[in-house]
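The values are calculated or read from the model by the stated rules, or taken from the named source; none is laboratory data. Just so you know, these numbers come straight off a predicted model, no measurement behind them. Cβ sites come from the backbone with ideal geometry, for glycine too, and all protein chains shown count toward neighbours.
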Protein chains: 2
Amino acid sequence: MVATPSPQDSASEIAALVAALRQGSRRALARAITYVENYDPRRTALLQALPPATDLPYIVGITGPPGAGKSSLIGALTTVLRQRGRRVGIVAVDPDSPFTGGAVLGDRIRMLQHTEDDGVYIRSMSSRGNPGGLARATWEVLQVLGGAGFDVLIVETTGVGQTELAIRHFADTVVLVVTPGGGDAIQAIKSGIMEVAHVFAVNKADLPGADVTASQLKQALNLRPSQDWRPPVLPVISTTNEGIAALWEAIESHYAAIEQAGGLAAVRRDRMYAQLSLMAESELRARFHAYLRNRPPSWDDLMRRLARGQTSPSLAAEELVDQFIETSCSRGGPPLV
Amino acid sequence: MVATPSPQDSASEIAALVAALRQGSRRALARAITYVENYDPRRTALLQALPPATDLPYIVGITGPPGAGKSSLIGALTTVLRQRGRRVGIVAVDPDSPFTGGAVLGDRIRMLQHTEDDGVYIRSMSSRGNPGGLARATWEVLQVLGGAGFDVLIVETTGVGQTELAIRHFADTVVLVVTPGGGDAIQAIKSGIMEVAHVFAVNKADLPGADVTASQLKQALNLRPSQDWRPPVLPVISTTNEGIAALWEAIESHYAAIEQAGGLAAVRRDRMYAQLSLMAESELRARFHAYLRNRPPSWDDLMRRLARGQTSPSLAAEELVDQFIETSCSRGGPPLV
């Protein structure tokens with residue numbers, strides 16, 4: 001049996017962990033991320049000891065539909081950043097699919113060229129390991145990577161809709177990656193991501209239709225109300241590194257524009273409202289999932305009444321939520337998860 | 001000032017409303033949906049008076065990426081159903097985008113051919129009107145449509161990820177719509193929707209690449225563990241109605257397969273667990289959004305501490321969730337929303 005560490009032990013362990021993290025220890029990094037992901041009791045002390053969220057390194061969000069080649073692009077971008085001496089932390093947030101995993105793993109393999117390099121750290125996160133709490137866990141891993149002294153953080157997200165749009169609450173520069181043809185550009189325009197992306201990369205730009213896709217994006221951008229920053233549309237070919245240096249320069253230009261317009265700290269402060277809501281929703285969902293995993297006492301009764309048509313799914317849902325709230329507040333102690 | 005209706009008035013009003021609904025009154029339908037959408041105090045009584053969820057008409061889910069032509073396909077399918085004398089209720093769940101609305105409205109226009117027809121009802125639902133509670137609201141509208149005597153209910157959803165996959169908890173038959181080329185098939189395979197769809201429609205089948213897309217889907221389906229139902233892959237052209245009758249026959253075949261395998265009621269009972277979790281999560285999220293809209297008392301203090309780096313976003317989120325739970329349970333009265 002392992003004794004629970006006393007608060008004093010815990011505090012000195014966390015201080016040592018954060019110091020090792022700062023000195024670049026890979027073991028410390030792995031341990032810190034484990035604390036965060038497993039909701040370890042030492043997690044709160046760790047988060048308090050890490051540099052505050054406002055001081056995180058520059059965060060680049062890379063998003064786009066599945067198959068757009070985001071992982072390859074991140075691999076190529078990382079090569080460019082390493083050539084310039086930057087240490088790169090990458091968090092790949094996997095699609096919400098509760099089914100597939102193989103395809104995602106396949107994508108990650110394309111980043112493997114960097115796994116031997118101490119200046120690069122790659123972490124995949126899925127909703128499987130974080131039921132309901134993916135946004136929270138992703139942000140905490142970014143804080144850990146910030147504490148580990150990486151110079152640039154890259155977050156990869158996939159898909160259309162909420163997940164994709166949430167990237168704007170995390171990243172300082174959002175890059176949308178699309179491929180020629182197939183309506184990627186149209187999908188982007190319809191999904192609302194057009195309005196949140198700062199840089200557009202047309203990947204696989206050697207394929208037919210790349211020009212059409214680029215001009216569709218440019219036309220749509222022209223329809224936006226004019227803003228200080230005009231998002232560039234850049235052709236890139238990840239597999240040959242073509243256009244990747246220019247892509248990084250576009251990201252740096254956006255950073256410069258932010259600094260000129262009032263500074264990164266101000267932009268991050270403005271983002272805080274939405275970020276806190278998102279994170280709190282993620283926390284609440286995680287607690288609720290934990291509650292359901294333990295099969296609440298009324299569950300069987302609710303299911304029976306539903307099966308008999310004695311209640312409706314949404315009225316049963318209300319009862320369940322009422323019970324979750326009652327249980328959570330009468331418990332008093334630390335959170336359920 | 002309008003007086004709050006007494007419980008007795010309310011009960012007789014709801015009885016009259018449900019009776020009018022059953023007789024096909026469009027005004028009653030509009031009013032019932034308003035009660036549900038606005039969280040009217042009479043909503044609970046209404047839901048209790050409607051036919052139970054287990055007795056709903058057959059529900060067809062139509063899903064697929066933006067631009068696949070789902071709305072046109074639903075328009076064409078509705079024409080076929082009307083020719084066969086079926087009354088059709090359609091709920092179009094809009095993408096989660098908090099930005100666009102125009103494009104979606106444009107899609108809806110393609111269904112307008114049916115707006116003069118009393119045997120068709122079309123309702124768009126967006127997350128804008130239902131912050132956090134879209135799943136709950138969608139299901140309640142389906143219950144209202146069931147009470148209004150429609151024979152077939154169609155739910156349209158868009159996108160990749162959770163939203164798209166959630167359709168399997170709502171629909172008896174899930175139809176995935178893709179278009180030729182552009183990697184729609186590959187995206188479907190990667191997103192996990194392959195494993196939940198029962199019928200595959202390759203829309204715009206007159207475009208080049210339709211055969212390739214169809215055979216990619218068939219190959220992926222061959223890799224699935226063998227099941228009783230083998231999903232067909234059907235070419236359709238919504239604009240000319242080609243293949244639409246065959247699509248409906250495929251949906252009916254799936255229904256027949258369900259009946260043979262143990263019956264629709266059993267399938268719906270099996271779905272109930274996931275459906276209740278989903279709905280409860282939706283309810284919880286809606287309450288939390290309502291809590292945030294009223295700007296909780298500690299909000300300013302939390303934001304200040306965040307801006308100063310005195311707390312981290314996820315620790316602030318925990319505080320906020322704790323406070324939400326405390327407020328919700330100490331209130332005692334009806335739900336906050």
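Residues in the stretch A:25-36 that are in contact (Cβ under 8 Å) with a residue 12 or more places away in the chain and exposed (fewer than 15 other Cβ atoms within 10 Å of the Cβ): A:Arg26 alone. State yes or no: is A:Ser238 more than 14 Å from chain B (Cβ to nearest Cβ), loosely packed, with under 13 Cβ neighbours inside 10 Å and more than 30 Å from B:Ser312 (Cα to Cα)? No: the conditions fail for A:Ser238.
If you go through the stretch B:292-303 and keep only what is more than 10 Å from chain A (Cβ to nearest Cβ) and either within 14 Å of A:Thr54 (Cβ to Cβ) or small (Gly, Ala, Ser) (or both), you end up with just B:Ser298. When each of B:Ser71, B:Ser97 is tested for being of a type outside the set (Lys, Arg), touching a strand residue (DSSP E or B) at 6+ places or on another chain (Cβ under 9 Å) and either under 20 Å from B:Gly147 (Cβ atoms) or at pLDDT below 90 (or both), the lone residue that passes is B:Ser71.
Tell me, yes or no, whether the stretch B:316-336 has at least one residue that is more than 9 Å from chain A (Cβ to nearest Cβ), of a type in the set (A, V, I, L, M, F, W, C) and within 30 Å of B:Lys218 (Cα to Cα). There is no residue in the stretch B:316-336 that is more than 9 Å from chain A (Cβ to nearest Cβ), of a type in the set (A, V, I, L, M, F, W, C) and within 30 Å of B:Lys218 (Cα to Cα). For the stretch A:51-62, the candidate set comprises residues that are modelled with pLDDT under 90 and outside any helix (DSSP H, G or I); within that set, the residue that is nearest to the other protein chains (Cβ to nearest Cβ) is A:Pro52. The residues of the stretch B:250-264 that are surrounded by fewer than 14 Cβ atoms within 10 Å (Cβ to Cβ) and assigned to a helix (DSSP H, G or I), listed by number, are B:Glu252, B:Ala256, B:Glu259, B:Gln260, B:Ala261.
There is at least one residue in the stretch A:221-229 that is of a type outside the set (Asp, Glu) and under 30 Å from A:Thr79 (Cα atoms). Regarding B:Glu281, is this residue acidic (Asp, Glu), at the interface with chain A (Cβ under 9 Å from one of its Cβ atoms) and free of Cβ contacts under 8 Å to residues at least 24 places away in the same chain? Criteria not met by B:Glu281. Can you pull out every residue in the stretch A:242-278 that is more than 10 Å from every other protein chain (Cβ to nearest Cβ) and among the hydroxyl-bearing types (Ser, Thr, Tyr)? Those that are more than 10 Å from every other protein chain (Cβ to nearest Cβ) and among the hydroxyl-bearing types (Ser, Thr, Tyr): A:Ser253, A:Tyr255. If you go through the stretch A:216-271 and keep only what is in contact with a Lys or Arg (Cβ under 9 Å, 6 or more places away or on another chain) and farther than 21 Å from A:Lys70 by Cα, you end up with A:Leu221, A:Arg271. Residues in the stretch B:48-78 that are over 17 Å from the mean Cα position of the chain (by Cα) and surrounded by fewer than 19 Cβ atoms within 10 Å (Cβ to Cβ): B:Gln48, B:Ala49, B:Pro51, B:Asp55.
Could we say that B:Ser328 is part of a helix (DSSP H, G or I) and surrounded by 22 or more Cβ atoms within 10 Å (Cβ to Cβ) here? So B:Ser328 passes the test. Take the conditions (1) more than 25 Å from B:Trp299 (Cα to Cα); (2) outside any loop (DSSP other than H, G, I, E, B); A:Leu284 misses just one of them, which is (1).
Quick check: is even one residue across the stretch B:175-184 within 10 Å of the chain's Cα centre (by Cα), at pLDDT below 90, at negative phi and assigned by TED's automatic domain parsing to the domain that holds B:Ser126? No, the conditions are met nowhere in the stretch B:175-184.
Screening B:Lys204, B:Lys190, B:Lys218 for residues that are modelled with pLDDT of 85 or more, in a helix (DSSP H, G or I) and assigned by TED's automatic domain parsing to the domain that holds B:Ala171 leaves exactly one candidate, B:Lys218. Working only within the stretch A:148-164, note down all residues that are at pLDDT 80 or above and within 11 Å of chain B (Cβ to nearest Cβ). Correct list: A:Thr157 only.
The condition (being modelled with pLDDT of 95 or more, buried (at least 17 other Cβ atoms within 10 Å of the Cβ) and outside the structural domain of A:Leu142 (by TED's automatic domain parsing)) is satisfied by just one residue among A:Ala20, A:Ala45, A:Ala16: A:Ala20. With respect to the conditions (1) out of contact with any Ser or Thr (no Cβ under 9 Å at 6 or more places or on another chain); (2) in a loop (DSSP other than H, G, I, E, B); (3) of a type outside the set (D, E, K, R); (4) without any contact (Cβ under 8 Å) to a residue 12 or more places away in the chain, A:Gly309 lacks only one, and its number is (1). Pick from the stretch B:79-88 the residues that are in a helix (DSSP H, G or I) and not aliphatic (A, V, I, L, M): which of them is surrounded by the most Cβ atoms within 10 Å (Cβ to Cβ)? Filtering the stretch B:79-88 for residues that are in a helix (DSSP H, G or I) and not aliphatic (A, V, I, L, M), the one surrounded by the most Cβ atoms within 10 Å (Cβ to Cβ) comes out as B:Thr79.
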